[in-house]
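Worksheet: one structure, shown below.
Laboratory data are not the source of any read-out in this text; all were calculated from the coordinates shown. What you see is a predicted model; the values in this text were computed from it and never measured. When we count neighbours, we look across all protein chains shown, and the Cβ atoms used for this are built from the backbone with ideal geometry, even at glycine.
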Amino acid sequence: MIIALIGLVLGVVVGYYIPITYPESYSLYISIGILASMDSILGGTRAMLENRFDRVHFFSGLISNAILAACIAYLGDKLAVPLYYAPIVVFGGRLFKNFSYIRNMILAKYIKNK
């Protein structure tokens, strides 16, 4: 837990003081990759709350989901077909589903302890 907080603080500090820019044409791929990464992070949080978290599974899913989503968006861009909607629908739906499970688990623990 402490390593995650250190990484978060370090990322915020580096992001604040070192201006990193990228070409505007990459924004679609980066946003799809971020969406896929957020899905993996919420899935990992859910797995932690369910006591079934596995680091290897988490990191492989984090990297592969982001790469796959960006590749689908790139392929769709080259074919002039909006394939980027597929990762948006899939990862967006899973994001809300995982968030719902996390919220319900936290509320259930809160109600149980009350």
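Computed over the Cα atoms of the stretch 25-113, pair by distinct pair, the Kirkwood hydrodynamic radius stands at 13.9 angstrom.
Axis of helix 85-113 versus longest Cα principal axis of the chain: the two differ by about 10°, to the nearest ten degrees. Here PHE99, PHE59 are placed in order of increasing Cβ neighbour count within 10 Å, fewest first, which gives PHE59, PHE99.
The relative contact order of the stretch 9-93 comes to 36 percent, based on Cα pairs under 8 Å that sit 6 or more residues apart. Ordered by the number of other Cβ atoms lying within 10 Å of each residue's own Cβ, fewest first, THR21, THR45 fall into the sequence THR21, THR45. I want to verify a result. In a Gaussian network model of the chain, Cα cutoff 10 Å, which of these has the top mean-square fluctuation: ILE30, ILE18, ILE67? With Cα springs under 10 Å in the chain, the top fluctuation among ILE30, ILE18, ILE67 is at ILE18. Just check the stretch 67-113 against the gyration tensor rule for me: Cα atoms, a ≥ b ≥ c as the square roots of the eigenvalues, rounded for a/c under 1.5, and otherwise prolate or oblate depending on whether a/b exceeds b/c. Prolate is the answer for the stretch 67-113, as a/c is 1.5 or above and a/b outweighs b/c.
Sorted fewest first by neighbouring Cβ atoms within 10 angstrom, LYS97, LYS114, LYS109 come out as LYS114, LYS109, LYS97.
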